[in-house]
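Below is one structure, written out as structure tokens; comments come after it.
The values are calculated or read from the model by the stated rules, or taken from the named source; none is laboratory data. Predicted model, so just to flag it, every value in this text is computed and none were measured. When we count neighbours, we look across all protein chains shown, and the Cβ atoms used for this are built from the backbone with ideal geometry, even at glycine. Accessible surface is based on the protein model in full, side chains and every heavy atom, while ligands, DNA and RNA are left aside. Shrake-Rupley method; radii C 1.70, N 1.55, O 1.52, S 1.80 Å.
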Amino acid sequence: MNLRGLSPAPVTAFKKNGDVDFDANVRIAKWLASFEDVTSLVILGHAGEGTFLTEGERLDLIRAYADAVDIPIIAGITGEGTKVAAEEARKCKDAGATGALVYPNHGWLRFGFQKGAPQDRYKAIWEASGLQEILFQYPDATKASYDLDTQLAIAAQPGVVATKNGVRNMKRWYVEIPQLKAAQPDLQVLSCHDEWLLPTMFDVDGLLVGYGNIAPELLIDLIKAGKAQDYPTARAIFERLLPVTRAVYHRGSHMEGTVALKLGLVKRGVLDHATIREPLKNLGAAAEAEIFAAFDAAGIGRVENLLAAE
Ligand SMILES: N[C@@H](CC=O)C(=O)O
């Protein structure tokens, strides 16, 4: 997979009765894939409420995406046990996925991981499914953040083509990204620091972000500015986005950010309503007004080419 561009992590649209709205999801997929620099769509992750869907819904969503667009569909693989995750990945491959964004085992967030276990998780998923894998680096503040040796070992394994780095510790970023690139020059480095992308933009091949749902146009320009090492242009895009970044990602948590992303898609005319699944909670009228106003402040308007994409 060539991920040298924008890889949005689309939300999952629901009907008002709570069922998955496949028509609306296909609309999102086609709109995002209509951008030349959108290189893949990463579904069933945090932004996609992947773990709130049943297995049947997840596989149907992959099928819908794979039928709708020609770019790679990457599925979030979240199963806890290594065997469970490998089996999940195999089913995702059969449904039409090309790649796997491999989440850490949830227990590691609480207790930390045993040495070697992350590598074995990636190995088992690759061997069971053949899905091209993205190494998901969790924040330094969690116990599921992989030390450099573990990242280097995973990155060296067959099937691992990229890293989505959300370490949120620039001391680690500035040391570890160059070492990963030195050891694996073909490893594609993707930032997911949605709430402050700017410092990471000058070292990456692309972005893998929920933010890609709501402002793909500006994020594509930001990636280009970063690759050109053009700080003034990147800074200007960052400043323009800042009201939206604050309204969506400077909230209580990334969980609220997912709800805010859906409201952003309503504001842009991509979704008719922002129905979510529990355990997400609605943000309330004041937050909704704040989010809508932020899009106006950033000059991010309704999507005009949506009908053409349908
Ligand atoms: N930006 C988030 C999105 C989750 O997938 C992160 O850092 O992980």
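Taken across the stretch 258-276, residues that are among the small types (Gly, Ala, Ser), at positive phi and away from the ligand (no atom under 15 Å from the Cβ) do occur, with at least one present.
Considering the stretch 41-71 alone, what residues qualify as being in a loop (DSSP other than H, G, I, E, B) and touching a helix residue (DSSP H, G or I) at 6+ places or on another chain (Cβ under 9 Å)?
If the condition is that a residue be in a loop (DSSP other than H, G, I, E, B) and touching a helix residue (DSSP H, G or I) at 6+ places or on another chain (Cβ under 9 Å), then Leu44, Gly45, His46, Ala47, Gly48, Glu49, Leu53, Val69, Asp70, Ile71 are the ones that fit.
One residue is enough: does the stretch 83-95 have a residue meeting the conditions within 16 Å of the ligand (Cβ to nearest atom) and surrounded by 18 or more Cβ atoms within 10 Å (Cβ to Cβ)? No, because not a single residue in the stretch 83-95 is within 16 Å of the ligand (Cβ to nearest atom) and surrounded by 18 or more Cβ atoms within 10 Å (Cβ to Cβ).
For the structure I just gave you, tell me whether Pro243 is more than 14 Å from the ligand (Cβ to nearest atom) and touching a Phe, Trp or Tyr at 6+ places or on another chain (Cβ under 6 Å). Spelling it out, it is not the case that Pro243 is more than 14 Å from the ligand (Cβ to nearest atom) and touching a Phe, Trp or Tyr at 6+ places or on another chain (Cβ under 6 Å). Condition check for Leu53 on (1) within 16 Å of the ligand (Cβ to nearest atom); (2) over 15 Å from the mean Cα position of the chain (by Cα); (3) open to solvent by 20 Å² or more (accessible area, probe 1.4 Å): one failure, at (3).
Out of all the residues in the stretch 2-23, is one or more free of Cβ contacts under 8 Å to residues at least 40 places away in the same chain and either among the aromatic types (Phe, Trp, Tyr) or part of a helix (DSSP H, G or I) (or both)? Checked against the condition, which is being free of Cβ contacts under 8 Å to residues at least 40 places away in the same chain and either among the aromatic types (Phe, Trp, Tyr) or part of a helix (DSSP H, G or I) (or both), the stretch 2-23 yields at least one hit. Restricting Ala162, Ala183 to those that are under 21 Å from Asn2 (Cβ atoms) and more than 16 Å from the ligand (Cβ to nearest atom) reduces the list to Ala183. Residues in the stretch 72-98 that are aliphatic (A, V, I, L, M) and outside any helix (DSSP H, G or I): Ile73, Ile74, Ala75, Ile77, Ala97. For the stretch 210-240, filtering for residues that are within 20 Å of the chain's Cα centre (by Cα) and of a type in the set (Phe, Trp, Tyr) leaves 2.
Could you tell me whether Leu101 is out of contact with any helix residue (DSSP H, G or I) (no Cβ under 6 Å at 6 or more places or on another chain), assigned to a strand (DSSP E or B), open to solvent by less than 10 Å² (accessible area, probe 1.4 Å) and not acidic (Asp, Glu)?
So Leu101 passes the test.
For the stretch 143-152, the criterion of being within 23 Å of Leu265 (Cβ to Cβ), out of contact with any strand residue (DSSP E or B) (no Cβ under 6 Å at 6 or more places or on another chain), away from the ligand (no atom under 14 Å from the Cβ) and open to solvent by 10 Å² or more (accessible area, probe 1.4 Å) is met by no residue.
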